[in-house]
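Colleague: I have a structure here, written as C-alpha cells, and I will follow up with some questions on it.
No lab work stands behind these numbers, since they all come straight from the coordinates. The shown structure was predicted, so the numbers you read here are calculated from the model rather than taken from an experiment. For neighbour counting, all protein chains shown are included, and Cβ atoms are generated from backbone atoms with ideal geometry for every residue, glycine included.
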C-alpha cells in the first residue's frame, strides 16, 4: 500500500519491536514508583477513560502500546527513503527528498515514544515529551507547506523548523495549560496553508490522500472527545477509545506522508525546495 513492500514492512516491524523493548527498559529503569514524579496535569481532572493501574510499571497499557503505531509508521517512512536497501527506496519521480522523509519518520517515532511514556507513567515529564512530539509534527506540516508556497530553500526551512519548535517548547514550559489549543491552532494553520497555497504548486500531487488523512483524523478526534468525556468508556477494558485515536492518528500521518511523496519532481529551477 503506497510503496510498502514486504521487506520494508518486516524490517519496520522489527525496529518497532526494538523501540518498544528500549522504551520498556527505560520504564524499568525509571519506575515503577511514578508517584515520586510530578503528575501529568490531566490527573487533576481526568486522563482519558482508561483506568490508571496503581503501582503498575505501565499505568495505561492500551494507550501505551497503541502509541507504537506511530513508531511503525515512522520506520516505514525511513525505509521509504532507502534506509532498508533498494526494496525500500523512495518512489521514482517523487519530489520529496530522502532527508525530509527521514525527518518526518524520526518525528513520528518521537511522537509514538513520547505518547507511550506519557500513558505508561502519567507523569509531567511524560506529558512534556508527548506534547513535544505533537508540536514537532505540526511544525513539520506548517514549514513543509510554507517552504513549497514561498519556495524556501532546504537550509532556511530547517532553520525555520528548528526556530518554530524552540518557540513552541518554550510556550509549553511557561504555559502548559494551553498545549492542546496551541496544537489545534498550529494544525489548522498548517492544513489551510497546505490546501490553499502549497497544494497548487505541487505537480501531480494526489489530493485524495490528504483528504483521506483528514477524514481519519476527524474520526479519531470524535472518538477522542467521546473517550475524554466518558460517553464511550469502559475503564478496565483493553479496548480503549484513546487507543483507537492513536491508531487512526498514525494512519492519518502515513496518508499525509503518501500525499507529500506523490508530488512529482520537475526540472531544476522550478521544482520543490
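Colleague: Quick one: if you stick a label point 7 Å off each Cα along the C-beta vector at residue 36 and residue 238, how many nm between them?
Modeller: Once both label points are built, they end up 3.0 nm from each other.
Colleague: While we're looking at this one, here's another question. I'd like the FRET efficiency for residue 221 and residue 156, computed as 1/(1 + (r/R0)^6) with the beta carbon distance as r and R0 of 35 Å, rounded to 0.05.
Modeller: Details: r = 33 Å, r/R0 = 0.93.
Working from the Cβ atoms, E equals 0.60.
Colleague: To test your reading of the geometry: what angle, between 0 and 90 degrees and rounded to tens, separates the Cα axis of helix 98-121 from the longest principal axis of the chain?
Modeller: The two axes meet at around 10 degrees.
Colleague: Measuring from label point to label point, each 7 Å out along Cα→Cβ, what is the residue 53 to residue 26 span in nm?
Modeller: 2.0 nm
Colleague: Given a Förster distance of 35 Å, report the FRET efficiency between residue 43 and residue 192 from their Cβ-Cβ distance, rounded to the nearest 0.05.
Modeller: Working: r = 34 Å, r/R0 = 0.97.
For residue 43 and residue 192, the calculated efficiency is 0.55.
Colleague: Any idea what angle helix 154-174 forms with the longest principal axis of the chain, computed on alpha-carbon atoms, 0 to 90 degrees, nearest 10?
Modeller: With both axes taken from Cα atoms, the answer is about 20 degrees.
Colleague: Still on this structure: Please report the relative contact order for the range 6-261, taking Cα pairs under 8 Å with a sequence separation of at least 6, and give it as a percent rounded to a whole number.
Modeller: 24 percent
Colleague: Continuing with the same structure: Comparing 74, 82, 114, which has the greatest mean-square fluctuation in the GNM of the chain with Cα pairs linked when under 10 Å apart?
Modeller: Highest fluctuation among the options: 82.
Colleague: Rounded to two decimal places and with Rh computed the Kirkwood way over Cα pairs, what is Rg over Rh for the range 6-261? If you can, show how the numbers build up before the last one.
Modeller: Working: Rg = 18.2 Å, Rh = 18.9 Å.
When Rh is taken as the Kirkwood radius, the ratio is 0.97.
Colleague: Any chance you could give the angle, 0 to 90 degrees and rounded to 10, that helix 207-228 forms with the longest Cα principal axis of the chain?
Modeller: Between the helix axis and the principal axis of the chain, the angle is about 10 degrees.
Colleague: So if we plug the beta-carbon distance of residue 171 and residue 206 into 1/(1 + (r/R0)^6) with R0 = 51 Å, what FRET efficiency do we get, rounded to 0.05?
Modeller: Numbers: r = 34 Å, r/R0 = 0.67.
Given R0 = 51 Å and the Cβ-Cβ separation, E is 0.90.
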